[in-house]
Amino acid sequence: MPVLSPSLITAPRADQWLRFTDAGLFELRTGKVELGQGISAALTQIACDSLGISPAQVRWVAGDTDVSPDEGFTAGSQSIEVGGQAWRHVGNVVRSHFAQTAAHRLACRTDALHLKEGVFLAPSGQGLSYQDLAQAENNAWHALRVDADNPTFIAVRCDSVVAKRDDLWLKFTGAGFIHDLHLPDLWHARVLRGPHPNSRPLEVNAEVLGALPGVDRVLIQHHFIALIGREEGALIKAHAQAKALTPWSTPDLPSDLAAEVLLPQLSAVSHMAAHEKPQHAPAASASLTLQRQYSRPYLAHASIGPACALAQPADHGVQVWSHSQGVFKLRDQIAQALQLQAQHVHVLHTPGAGCYGHNGADDVAFDAAFIAHTWGLNVRVQWSREDEMTVSPMGSASLVDIRGSVGEDGRICQWQMQVWSHTHLNRPSWGDGIQLLGAWAAFEHCPQPIPKDVPLPTGGGLRNAIPAYDVGELSIEHHFIDKSPVRVSALRSLGAHANVFAIESFMDELSDALQIDPVAFRLKHLSDARARHVIETVAHRANWQARGEAGSGHGYGLGYARYKNKAGYCALIAHVEVAERVKVHKVWACVDAGAIVHHDGLLNQIEGGILQAISWSLHESVRWDAKGIISHDWENYPVLSFNDVPELDIHLVDAAEHPSLGSGEVATGPCAAALGNAVAHALGVRARHLPLNPERLMQAIEQASP
């Protein structure tokens, strides 16, 4: 039997997920929120299929702490795997309950019923809607439990429907994002922050700040400084002036920015995270041993739209609109910081710029809540581009060292891996303390959480550190670095981006040393049939056998992983050209995410993941100097441009016989690896440290020269 979704444990009653409206609509509730990934359409499809209703009848309430079920964070590629599974189960329970009632009242068998747009139709032509049946039983269905083990479901014939995204039109026309939201009697606010999350104002002249054009009020509490005014345009100019007028402290930052140099210098706590030795296998003598290091730098979220939030005072508390990925955790943290009861903080999710991970959304929500609660104002707070790129959490840098041996039979017999990295999960409510930047500034003794990471098998910094291949004796050592030169937390795929890049690069280096085709070498070490299928399929679609010799300037590279070693499978091939820089011409991908719920949504996930991984792997790197973080704008933190978007060929395996698997992060690691392997094929020289920009490529060429 499938494992019950954990969401059903926290919300075990049907009425926590669903409400029938008098207008014949279905108010569906979820804790999983729309981050631009199209999850609303996929969840609508699941609900329509299980309840026998049409998309036009659906009204979602997502991420509302007063109404929605608490499903934790919208993260970890779990919206379908966990949230979708929960809603399918709820729909099946509710449909089965009312199918029995309808069959009794319509005097027919349940298998004779036909569900059409929420109406149970009997062969006689008579019909009863969910609303009719609920009213007749005086809403006794509210007590339905959806957390029972091994329930019996009643199948009912339903019309097929196709759900489409209903959020895009508003976003295209300027009314679909939190930045477009407006409250009555609205004030705007900008918070002053320095060039680093740990910067503090050395001197604050409230009189001078309050006299700046556009500033009507100045809120100063400890190190928290907010400029407040009616006109946003004037306030933006005042914010820039105020920042220049305010001197800031800067923490001592290391001079080395390169992860392969910096991370081993930092204090770490080391432990053996995994050690596996094949049973009943004779010890193999090594005929080839290689040892290599790979790294990735600190990465910013770099969303096009900066963090934004709105708040207004409410009875005994505050109401907040936020694009947080975890509204319930945010609610609890705001309540703790402001010393309020959790039920007096109401957080409503509103879509922001696309983001996978912990960016500034929670921080700006606290900024707005603090101002609204302190001064009783309806307020909108938006961060500047510089704030977004300097003080919001970033993805941790990683250094990976792999030592591997191959036996006389051409098979890997030993694999030793070491990973140096920080925490990859530092969200609000992750551990003790408060994880809100504004609270740290406003309250002198605000407790900050102690950094920690997620252990294997899921892993944070060690995510996907366990190779997918049969590698003989395996050991993985984790060097956890608690202190970081920048503020770090969750970024899409956590440590999998660096770990898969390293593992797949090393697989290519082993195959090159053995003069074996990289595809054949991988297949030799793979026993998972689904893994073999995605690799063989993408190799066929990319005409891998015709890729040519290394060193021509054009290269083809392969990358493969199963995300978290338990979610979706992705094999990817990149075709690049290397001249003054790396140009990606085409990317092929084959993805097996189990049963496909929403084809277009899954396709969007893979395409978006590939483009973000190309940007990370070729362009992005957080940089600093003695004055603070200097990668604070698009000139100093370049991202993939529209002109450099390659042709994409995505093949989705519809494995309908298997459960749906998480897919939002499956492409990032394989894409980085495919690019690294393609660049090595194009140059005949391997660059092992991301990003693969001209400086890193030149460094690799110089190190390879005799």
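Structure above, values below:
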| quantity | calculated |
| --- | --- |
| Accessible area in square angstrom per residue, the stretch 216-266, 1.4 angstrom probe | 49 Å² |
| Rounded Å value of the spacing that divides the Cα centres of the stretch 1-76 and the stretch 260-276 | 41 Å |
| Candidate lysines for bridging to residue 524, where Cα separation is under 29 Å - those fewer than 8 sequence places away on the same chain excluded | 277, 564, 566, 586 |
| For residue 225, residues with placed amide H under 5 Å, excluding near neighbours | 192 |
| Listed residues 647, 607 arranged by accessible area, highest first, probe 1.4 Å | 647, 607 |
| Percent antiparallel among DSSP beta bridges (both partners in the chain, rounded to 5) | 70 percent |
| Area accessible to solvent at residue 486, 1.4 Å probe radius, in Å² | 10 Å² |
| Computed [θ] at 222 nm, deg cm²/dmol, the chain (DSSP H ≥ 4; -39,500 (n - 2.57); rounded to nearest 500) | -9000 deg cm²/dmol |
| Heavy-atom SASA rank of 411, 522, 331 (probe 1.4 Å, accessible area, largest first) | 411, 331, 522 |
| In Å², nearest 10: area of residue 385 left accessible to a 1.4 Å probe | 50 Å² |
| Whole-percent carbon and sulfur share, accessible surface of the chain, 1.4 Å | 50 percent |
| Part-to-part distance (alpha-carbon centres) for the stretch 277-320 and the stretch 543-615, which is given in Å | 19 Å |
| Residue-normalised accessible area of the stretch 69-138, expressed per residue, 1.4 Å probe, Å² | 42 Å² |
| Diffusion constant of the stretch 404-468 at 20 °C, which comes from Stokes-Einstein with the Kirkwood Cα-pair radius and 1.002 mPa s, µm²/s | 144 µm²/s |
| Cα lying deepest toward the dipole's positive end in the chain, options 41, 250, 595, charges on Cβ | 595 |
| Accessible area (Å², 1.4 Å probe, nearest 10) - residue 413 | 30 Å² |
| Spatial separation of Cα centroids for the stretch 386-459 and the stretch 160-223, in angstrom | 29 Å |
| Where 477, 549, 665, 702 fall by accessible area, highest first, once all protein chains stay in place (1.4 Å) | 549, 702, 477, 665 |
| With eigenvalues of the C-alpha gyration tensor scaled by 5 and rooted, the stretch 85-210, Å | 54, 19, 15 |
| Pairs beyond 20 Å (Cα-Cα), from 329/452; 32/452; 243/329 | 32/452; 243/329 |
| Accessible area expressed per residue, the stretch 556-646, with surrounding protein chains retained (probe 1.4 Å, Å²) | 36 Å² |
| Hydrodynamic radius of the chain per Kirkwood, over alpha carbon pairs, in Å | 27.1 Å |
| Amide H contacts under 5 Å for residue 302, placed H, 5+ residues apart | none |
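The values are calculated or read from the model by the stated rules, or taken from the named source; none is laboratory data. The structure displayed is predicted, hence computed values, not measured ones. Using ideal geometry, Cβ is built from the backbone for each residue, glycine included, and neighbour counts are taken over all protein chains shown. For accessibility, only protein heavy atoms count, side chains too; no ligands or nucleic acids. Shrake-Rupley method; radii C 1.70, N 1.55, O 1.52, S 1.80 Å.
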